[in-house]
């Protein structure tokens, strides 16, 4: 069994043999392949946990805020405030707890203009308080109209989701 539910998912460049992928009324398979990367970058956000441990929180957020034409300037302070880490921009990541690092990863995601969020085990290895904080933040994003696709092994986490699809390996 893979270490995480989304591990082993098709690479972004892999296209299905049949069917459609429709986002905001556009069939992604019908547009020129050279536009796929742009659509993914502007539509889909992935909550990944890996941070640059030797860098500061700000340097980790800079990765997500890489300049993009026609997109509003991100607000690091606002993103950190939203995840409960105000004023932590200059803090070295390696000094943060696991829960704080998860919240930095979520702040990084908040800086990306995505309508669809893929969250692979977003609460793994967190205590209940940090788990609740992450789930509340994801619920808030869903309430703002974002689509959250969350993979989890936790029944408690699944119970907080509006729809659950169970996958079983045979």
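Since every read-out is calculated from the coordinates, none of them should be taken as a lab result. Predicted model only: the values in this text are computed from it and were never measured. Cβ coordinates were reconstructed from backbone atoms using ideal geometry, including for glycine residues, and neighbour counts include every protein chain displayed.
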Could you line up 82, 41 from fewest to most neighbouring Cβ atoms inside 10 Å? 41, 82
Stretch gain in nm, segment residue 50-residue 97, where the contour uses 0.36 nm per residue and the Cα spacing is subtracted: 15.6 nm
Using a Förster distance of 35 angstrom, determine the FRET efficiency expected from the C-beta separation of residue 29 and residue 58, and round it to 0.05. 0.35
Students often check this: by mean Cβ neighbours within 10 Å, which of 122-128, 106-112 ranks highest, and how do the rest follow? 106-112, 122-128
Got a sec? How would 166, 159 order by Cβ neighbour count within 10 Å, fewest to most? 166, 159
Distance between modelled label sites at residue 170 and residue 41, nm, 7 Å Cα→Cβ extension: 4.1
Only helical DSSP H runs with n ≥ 4 go in: add -39500 (n - 2.57) per run for the chain, normalise by residue count and round the 222 nm mean residue ellipticity to 500 deg cm²/dmol. -9500 deg cm²/dmol
Among 137, 149, rank each residue by its count of other Cβ atoms within 10 Å, from fewest to most, as a rough exposure measure. 149, 137
Segment 22-159 shape via C-alpha gyration tensor axes, a/c threshold 1.5: oblate
Evaluate the distance, in nm, between pseudo-label points positioned 7 Å from the Cα of residue 144 and of residue 14 along their respective Cα→Cβ axes. 3.1
With contacts defined as alpha carbon pairs under 8 Å and 6 or more residues apart, what's the relative contact order of the chain in percent? 24
